[in-house]
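What follows is a set of notes on a single structure, which appears directly below.
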Amino acid sequence: MKPRTFTQSMSWLHTWAGLLLGWALYAIFLTGSLAVFDKELGWWMQPEIERPAGDAAAAAAAQRWLQARHADAGSWNIELPGERAPLLGVTAGDPRRDGSTLIDPASGEPLEPRKTVGGNFFFRFHFTLHLPRNLGIWVVGLAGMAMLVALVSGIVIHKKIFKEFFTFRPAKGQRSWLDAHNASGVLLLPFHLMIAYTGLVIFFVIYMPAALDAFYGGDRDALLRDGAPPMQASEPARGPGQSAAPAPLLPLADFVRRGEAHYGPGMLAGLRVNHPGRADARVIVQPRLGSRIELTKGEALVFDGVSGQLLQTPVPTRTSLLSQRVLAGLHFAQFGGYPMRWLYFFCGLGGCAMIASGLVLYTVKLRKQAKAPRRWLELVERLNVASVAGLGLACVALLWANRLLPVELDRRGGWETVAFFGAWLLCFLHAAVRAPMPAWREQLAGAALLCLGLPLLDLATGGALDGQRLGVDLGALAIGLLLGWAAWRIPAAAAQPRPRPRCAGAIP
Amino acid sequence: MTRLSLPSRPWLEISLRTALAILGGYALTYAFTAALARVLPLPRVDAVIVATLLSFVFYLGFILWSFAGVPLRRLALVIAVATPTLALLGFWPNLLERLG
Amino acid sequence: MNAAALLLALSLAYAGMLGLCLDMERHWKQLASPRLPPAARRACAPAGVLLLALAGWVAGTLWPPAMAAVAWFGMLSLTGLVLVLLLPYRPRLALLLPLLGTLLAGLGALA
């Protein structure tokens, strides 16, 4: 029996695209919303570090440290502290290869905070689901396409899209779930469409390399070279082994001031110094993302490190590449400061609500059908509990593990990850043995307790409270109250064990 | 949202249609993107970027169309005819290079 | 970032969505006093659109134009969602919220 009418076909497509990839999409949305505050969560997860002084002072401290220990290195990298992540990191050589050292700008001594996966865990999980990187990117891309399919087919089958624009009728079972799903879907539709499409755009030539294959033989770097603006100054060629005469490097604090004059105070991400202590020293001043929507990775001001002369300023990106970078920037949400971050965060949670209510709606509808296959229904119900409530619990469990694991533990970040997946696995096991309603109740209550306890944990194990850490604590408190309310609203009658979840009402 | 289809539905038709929409649709989109980049009157770097940005919209439209009640036979036919044609349009210089 | 202006932009966006909402008969009956003339209802949609435009203008003072547009869409969506949640539970608060928000923004601007 194939659905006959157009609406029925679209309804079928909406249901299956939404259900089968809904679990993955929910995980992507929840961790993506958390990743909006990745640096803040990372800061919370290293309570040993305290807020240092301004950028110029930090650059001076970094220069003293590098000069004393790595005067003959080929290059220096300095990661300047910022509003969101007040860390001063220095590297002699390549930061990805040699690892960054955190130093205290006041004393100039190295800091050794606890090892942690940090907020970066949520960011990486958001686009790889912790699968091997390439596989993860493709699975998330598939989920992104499924979301677009579900959104468009959802608009098509929504008959009263304007009439019920503001409609929500609580405590009416299926009606309420449909209202909640529609309201969160329709009101946030611009955000949903934007975030799904721009998510695909970030990895555009990975997902669809056709044109790249046809014109560049699949060489991504060749495309970027072709799209890059022409260089303004050419560096004098120098053979290997030759190096310029020694010459003193100007104070780096000066370059910070000049960089801030160009990009605005606090808008510098870091400095790179090539050939420090030589006549051909170059100081590269890199801006923080976020002075524009465009994702400006790799943009920089280049100065002569000895004379201080400005050699190179960034050139505007060509229109096509600019479009791609603006779209990617819309997804990364690094612009517009904290108010914009909060808007993205709440829109992301709205997306979570849309996906979760859709998943629940499916089971509520199926339960009412006499011929519904019981095993399938039960499987979906159990997966819903563990992937919606269970993932929330696992995310907070990661923060608890960060504070409870011994600080000097070997491979500490790995153990934090184990705690996250262990907690999630326990939720799947719990959902497998409990009836769905009590499972919802208990997992939501568990997540609520962990959230509500997080500020206490921070007080007991943390360092100085500052804006970032207080924000994480208060956010956890608010989310904990919300989850607790949700757990409490699940009817107590439904929490009693029943032979079959057949007559259970919906969660109001 | 009038009715839920359950996994007890005829397997073959649904599986074939899904495979054609997702995999066949991807192949068609791949060919379409290369062809579009070839015909866009832009420098090649711009043509590649613009065509790739539009490819997702094309793929989305094709998947929706695949499930919008089109007969399975016609769906297969469209993919079988359009994919090689567009691929030829998109890749003919590469093909010439390969051949001689 | 100016907190008072942000609160004002959010209040205006909410009030605009409330205007669009009151324009619908179902919600008008739910929220408005029965003594009000029907003409008052017809004024709600234009007033709502005007308030949304004002919210965009205030956002334009907080961000550069392109970012303000992104923020404007986000504020419309989120304040609309808040309105939808308040309507069945706290209809009176749903009406008063923009006044409270604007008042608070005014106090914030003075302080």
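Values quoted throughout were computed directly from the atomic coordinates according to the rules given, and no laboratory measurement underlies them. Keep in mind that what you see is a predicted model, and the values were worked out from it rather than measured. Methodologically, a virtual Cβ is constructed for each residue, glycine included, from the backbone with ideal geometry; neighbour enumeration extends over all protein chains shown.
Starting from the amide H of residue A:270, placed 1.01 Å from N in the peptide plane, find each other amide H under 5 Å away whose residue is 5 or more places distant or on another chain.
Here A:80, A:286 satisfy the definition.
Hey, what number do you get for chain B at 222 nm if only DSSP H runs of n ≥ 4 count, each worth -39500 (n - 2.57), divided across all residues, to the nearest 500?
The helix-only estimate for chain B comes to -25500 deg cm²/dmol at 222 nm.
Rounded to the nearest 20 Debye, what is the dipole magnitude of the stretch A:373-508 about its Cα centre when Lys and Arg each give +1 and Asp and Glu each give -1 at the C-beta?
800 debye
Hey, in the GNM for chain B with a 10 angstrom Cα cutoff, which one of B:73, B:38, B:17 fluctuates hardest?
B:73
Evaluate E = 1/(1 + (r/R0)^6) for residue A:485 and residue A:461, where r is the Cβ-Cβ distance and R0 equals 25 Å; express this FRET efficiency to the nearest 0.05.
Step by step, r from the Cβ atoms, then E = 0.35.
What helices does chain A have that are whole DSSP H segments, at least 18 Å long along their own axis by Cα, and with mean Kyte-Doolittle hydropathy of -0.5 or more? Walk me through the numbers on the way to the answer.
Values: long enough: A:6-35 (39 Å, 0.98); A:55-69 (21 Å, -0.15); A:133-157 (35 Å, 1.90); A:174-187 (19 Å, -0.41); A:189-202 (20 Å, 1.71); A:319-332 (19 Å, 0.72); A:337-368 (47 Å, 0.72); A:391-404 (19 Å, 1.56); A:412-433 (32 Å, 1.05); A:436-461 (35 Å, 0.83); A:467-489 (33 Å, 0.82).
Helices meeting the criterion: A:6-35, A:55-69, A:133-157, A:174-187, A:189-202, A:319-332, A:337-368, A:391-404, A:412-433, A:436-461, A:467-489.
State log₁₀ I(q)/I(0) for the stretch B:13-99 at q = 0.17, 0.19, 0.22 Å⁻¹ as given by the Debye formula over alpha-carbon point scatterers of equal weight, solvent excluded.
-0.71, -0.83, -1.00
Return P(r) of the stretch C:1-62 (all Cα-Cα pairs; 5 Å bins starting at 0; whole %; ordered from short to long distances).
Reading the bins upward from 0: 4, 21, 24, 18, 13, 10, 7, 3, 0.
Charges on Cβ only, +1 for Lys and Arg, -1 for Asp and Glu, centred on the Cα centroid of chain A; of A:273, A:25, A:433, which one is farthest towards the dipole's positive end?
Value computed over the given set: A:433.
If one takes the longest principal axis of the Cα atoms in chain B, at what angle in degrees, from 0 to 90 and to the nearest 10, does the Cα axis of helix B:72-99 lie?
20 degrees
Just check the stretch A:321-459 against the gyration tensor rule for me: Cα atoms, a ≥ b ≥ c as the square roots of the eigenvalues, rounded for a/c under 1.5, and otherwise prolate or oblate depending on whether a/b exceeds b/c.
Oblate, since a/c reaches 1.5 and b/c is not below a/b.
Let me check against my output: what whole-number percent is the relative contact order of the stretch B:13-99, with C-alpha pairs under 8 Å and at least 6 apart?
47 percent
Take the Cα gyration tensor of the stretch A:209-349, multiply each eigenvalue by 5, square-root it, and list the three semi-axes largest first, rounded to whole angstrom. Present the calculation step by step, with values, prior to reporting the outcome.
Numbers: eigenvalues 202, 115, 25 Å².
Equivalent-ellipsoid dimensions as semi-axes: 32, 24, 11 Å.
Step through the table entries A:163/A:371; A:39/A:297; A:160/A:365, compare each Cα-Cα distance with 28 Å, and write down the pairs that go over it.
Where the Cα-Cα span goes over 28 Å, the pairs concerned are A:163/A:371.
With a ≥ b ≥ c the root eigenvalues of the C-alpha gyration tensor of chain A, is it rounded (a/c under 1.5), prolate (a/b larger than b/c) or oblate? Could the numbers behind the result be given before it?
Values: a/c = 2.61, a/b = 1.71, b/c = 1.53.
It is prolate, given that a/c is not under 1.5 and a/b is the larger ratio.
Which value, in debye to the nearest 20, describes the size of the charge dipole of chain A about its Cα centre when Lys and Arg Cβ atoms bear +1, Asp and Glu Cβ atoms bear -1, and nothing else is charged?
The dipole of chain A has a size of about 2900 debye.
Hey, what does the equivalent ellipsoid look like for the stretch A:251-323, semi-axes from the Cα gyration tensor as sqrt of 5 times each eigenvalue, largest first, whole Å?
Gyration-tensor ellipsoid for the stretch A:251-323: 24, 14, 9 Å.
Just grab the label-to-label distance for residue A:109 and residue B:19, each label 7 Å out from Cα along the Cβ direction, in nm (one decimal).
Output for this residue pair reads 6.7 nm.
In whole Å, what three semi-axes, largest first, describe the equivalent ellipsoid of the stretch C:3-110 built from its Cα gyration tensor (square root of 5 times each eigenvalue)?
Listed largest to smallest, the semi-axes of the stretch C:3-110 are 25, 15, 12 Å.
Tell me, what is the FRET efficiency for residue A:203 and residue A:315 to the nearest 0.05, using R0 = 35 angstrom and their Cβ-Cβ distance as r?
So, using R0 = 35 Å, E works out to roughly 0.90.
Measuring from label point to label point, each 7 Å out along Cα→Cβ, what is the residue A:408 to residue A:375 span in nm?
Rounded to a tenth, the inter-label distance reads 5.4 nm.
At a Förster radius of 22 Å, what calculated FRET efficiency corresponds to the Cβ-Cβ distance of residue C:53 and residue C:32, to the nearest 0.05?
0.45
Could you work out how far apart the two model spin labels at residue C:90 and residue A:291 are, taking each label as a point 7 Å from the Cα in the direction of the beta carbon, and quote it in nm?
Those two pseudo-labels are separated by 4.2 nm.
Out of C:32, C:59, C:13, any idea which swings most in a Gaussian network model of chain C, alpha carbons joined below 10 Å?
C:32
Could you work out the relative contact order of chain A, using alpha carbon pairs under 8 angstrom and six or more residues apart, expressed as a whole percent?
About 18 percent, as a whole number.
Which value in deg cm²/dmol, rounded to the nearest 500, describes the helix-derived mean residue ellipticity at 222 nm for chain C, given -39,500 (n - 2.57) per DSSP H run of n ≥ 4 and division by the residue count?
Calculated mean residue ellipticity at 222 nm is -28500 deg cm²/dmol.
Stokes-Einstein at 20 °C, 1.002 mPa s, Kirkwood radius from Cα pairs: D for the stretch A:91-226 in µm² s⁻¹?
In µm²/s, the coefficient rounds to 109.
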